[in-house]
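Asker: My questions all concern the structure below.
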Amino acid sequence: MWKKLPILIALSIGFGILARNTGLSSHQALSISIFSASILGTLFFWDFRLSFAFIGVSILLISKAIDLENVVRFASLEVILFLVGMMILVGLLKDSGFFAWLIGLILRIKNLNSDKFFIAISFISALLACVVDEVTSIVFVVAAVLEICDYFEVDPTPFLITSILATNIGSSGTVLGNPIGILIAAKSGLTFEDFLVKAFPLMILSLLVAIFVLKFWYRKALADLDKKIKEFGYNEMLVKLVSVPPERDLKVSLAIFAATLFFIAIHRRLELFWGLQPNTVLLTMPLISSGLVMIWKRTKARKYVEKDVEWWTLLFFMLLFAQAGTLKFTGATDVLAKNLLGLANNSVSMLMSIVLWVSAIGSSVLDNVVLVAAFIPIIQSFHDLNINLQPLWWALLFGGCFGGNITMVGSTANIVALGILEKERGVRLSFFRWFWVGLTVGLITTSIVWLALVFLPFFG
Amino acid sequence: MKIKEIMTRDVRSIDPKDNVFDVLVQLFKTKISGLPIIDKQGKLMGVFTERDALSYVLPSYIQKVGKFIYEENPKSIKKKFSELINTKVTEIMRKEVITTTEETTLCEAARIMMTERARRLPVVDLEGKVVGIVARCDILKALAKEAEMSLGR
């Protein structure tokens, strides 16, 4: 720790001095310095990220770079409450056996062969990541993949990597797939329907191409699985491996979740119909549903709030958003936006390409929420420069999600799934075993998005 | 009353070189659910209980998956159990062990057991060497004695 700390301090002071020397005010330079310390803190000291965020916000307040009122405003409570509500609902779904039921569905695939298995886990990973967050969904897919690979005595690694890559791709499909989805939706004015109409089809296209690439990449592993399936015959034991009790709870929980998804999906129509502020229905639906859940399951309400809500992460997000907001508050992002626009020769396409590739490469080493939080105030600053923002928001979303595939630490889903693989099977993946396949899929899928955003006016 | 007055001084322990399977055999023979692992210098390395063996054998994701019922025994469990013979007990023992000292009072030891959910506490000296062990039943018996009651032998 003590070796990295001086590097972090030197770099963040360096960024501050650089900013001051390029004409930024002392408050702007300080906000850049503190924010870069927080970003580097997440990179060097992941376990201490909350400490960095606490101290960083306090320094910004004491140095008057921002005031209390704006810290609260930029902390984006609406996004945090949305995530709290969704986490409570996911807690209920877990309790009702929904995820075990899904695992059972994968285990019960009829006339199993390697192609069916491969396509099923890819689609289930991607679609599950669309409706619950990617970190939750990957655990269940990993469980199913490990059980099936154990049964047929094949190496689970290729199938696990495939599920993780599909999960990261899938997480871009809706507002719910990734915290950056709701963050972008809340700040951009894009609706859930916009995501369904624009992001979802592009996600499916990227997924199909990724499956094609991965099927070729892992052709030997697929052939091995086919051989083993023929050798072992029907997966009879897997079919009845797990069951879910009691069914009534599962049905009611699914109904609550489906209703929540339905109202979230039509949130903008309801807001217009009732004359509400944009995003009011989007952000309150999870709260209404989780409120009802806490009445229905009153004895477990505290457990859902205390155990299923990841307060550590959410607190970090709040303070991170406040720090990124300081960049906007001090006007630092306006200067950055102007410089970036000059660099892009005043071209939206060029600007979009920069946002897409920088966010993809950046999120391969950084937490994508950190990166997106940094980009949001810059993109908002483009608004004052009369730039069409929509392609930039999509570039940020896809760059942030797909970039996570490039390295094994690129997204939390990767870390969680590979952690289970190591603990369960003692398989410790080398950096390059992941990197080559991750880079290939990451580059190809990001290029698809880039082509779509450049050549399809639909995204403009 | 202090812990030194009630602790068991002859501490049964596990050899760090033992494999998990042999340790389980040892536990079943002595009808004890867990034992400390002590190195050659007499220092405490960790604790191993039957629970640690079960948690090693079962998939680590079962707590995250939520509610479900195993209708069959997964193949992986059989395989993992057969690996116990090649697994050193030090690989799956718990290294963070709550300990106590000889001068600790009965109530303090009881408080530690309650708050840390420990069934037994190794007693260590200033150098970290194990000098005894105290279990919940030892504390209860001693408390009964202080209340001038008896819980039998």
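Asker: Filter the stretch B:39-62 down to residues that are more than 15 Å from the chain's Cα centre (by Cα) and of a type in the set (Val, Ile, Thr) and give me whichever is farthest from B:Arg119 (Cα to Cα).
Answerer: B:Ile62
Asker: Here is a follow-up. Can you run down the residue pairs with Cβ atoms below 7 Å, 6 or more apart or on separate chains, where the first is in the stretch B:128-143 and hydrophobic (A, V, I, L, M, F, W, C) and the partner is crowded, with 20+ Cβ neighbours inside 10 Å and assigned to a helix (DSSP H, G or I)?
Answerer: Pairs that qualify, where the first residue is hydrophobic (A, V, I, L, M, F, W, C) and the partner is crowded, with 20+ Cβ neighbours inside 10 Å and assigned to a helix (DSSP H, G or I), are B:Val134/B:Ile3; B:Val134/B:Ala109; B:Ile139/B:Leu106; B:Ile139/B:Ala109; B:Ala142/B:Leu106; B:Leu143/B:Leu106.
Asker: Also: Looking at (1) touching a helix residue (DSSP H, G or I) at 6+ places or on another chain (Cβ under 6 Å); (2) surrounded by fewer than 18 Cβ atoms within 10 Å (Cβ to Cβ); (3) away from every other protein chain (no Cβ under 14 Å); (4) not in a loop (DSSP other than H, G, I, E, B), which is the one condition that is false for B:Ala109?
Answerer: (2)
Asker: Right, next: Can you name every residue in the stretch B:29-47 that is exposed (fewer than 10 other Cβ atoms within 10 Å of the Cβ) and farther than 19 Å from B:Arg136 by Cα?
Answerer: Residues satisfying the conditions are B:Lys29, B:Lys40, B:Gln41.
Asker: A further question on this structure: Here are some conditions: (1) outside any loop (DSSP other than H, G, I, E, B); (2) more than 14 Å from chain B (Cβ to nearest Cβ); (3) not aromatic (Phe, Trp, Tyr). A:Leu93 meets all but one. Which one does it not meet?
Answerer: (2)
Asker: Separate question: Just to be sure before I move on: is A:Leu292 of a type outside the set (Gly, Ala, Ser), away from every other protein chain (no Cβ under 14 Å) and not in a helix (DSSP H, G or I) in the structure I sent?
Answerer: no
Asker: Conditions: (1) out of contact with any Pro (no Cβ under 6 Å at 6 or more places or on another chain); (2) surrounded by fewer than 24 Cβ atoms within 10 Å (Cβ to Cβ); (3) within 14 Å of another protein chain (Cβ to nearest Cβ). A:Ile109 meets all but one. Number of the miss?
Answerer: It is condition (3) that A:Ile109 fails.
Asker: Take the stretch A:350-379 and flag every residue that is among the polar types (S, T, N, Q) and either under 20 Å from A:Asn414 (Cα atoms) or modelled with pLDDT under 90 (or both).
Answerer: Passing the criteria: A:Ser359, A:Ser363, A:Ser364, A:Asn368.
Asker: State which residue is nearest to the other protein chains (Cβ to nearest Cβ) when the search covers only the stretch B:51-82 and only residues that are in a helix (DSSP H, G or I) and among the polar types (S, T, N, Q).
Answerer: Checking each candidate, the answer is B:Ser76.
Asker: Condition test on A:Gly189, is it more than 14 Å from chain B (Cβ to nearest Cβ), without any contact (Cβ under 8 Å) to a residue 60 or more places away in the chain and either surrounded by fewer than 24 Cβ atoms within 10 Å (Cβ to Cβ) or farther than 24 Å from A:Leu241 by Cα (or both)?
Answerer: No.
Asker: From the list A:Leu205, A:Leu165, A:Leu190, pick out the single residue that is assigned to a helix (DSSP H, G or I), closer than 30 Å to A:Arg268 by Cα and at pLDDT 90 or above.
Answerer: The match here is A:Leu205.
The values are calculated or read from the model by the stated rules, or taken from the named source; none is laboratory data. Since we're looking at a predicted model, the values are computed, not measured. Neighbour counts are summed over all protein chains in view; Cβ atoms, including those assigned to glycine, are modelled from backbone coordinates with ideal geometry.
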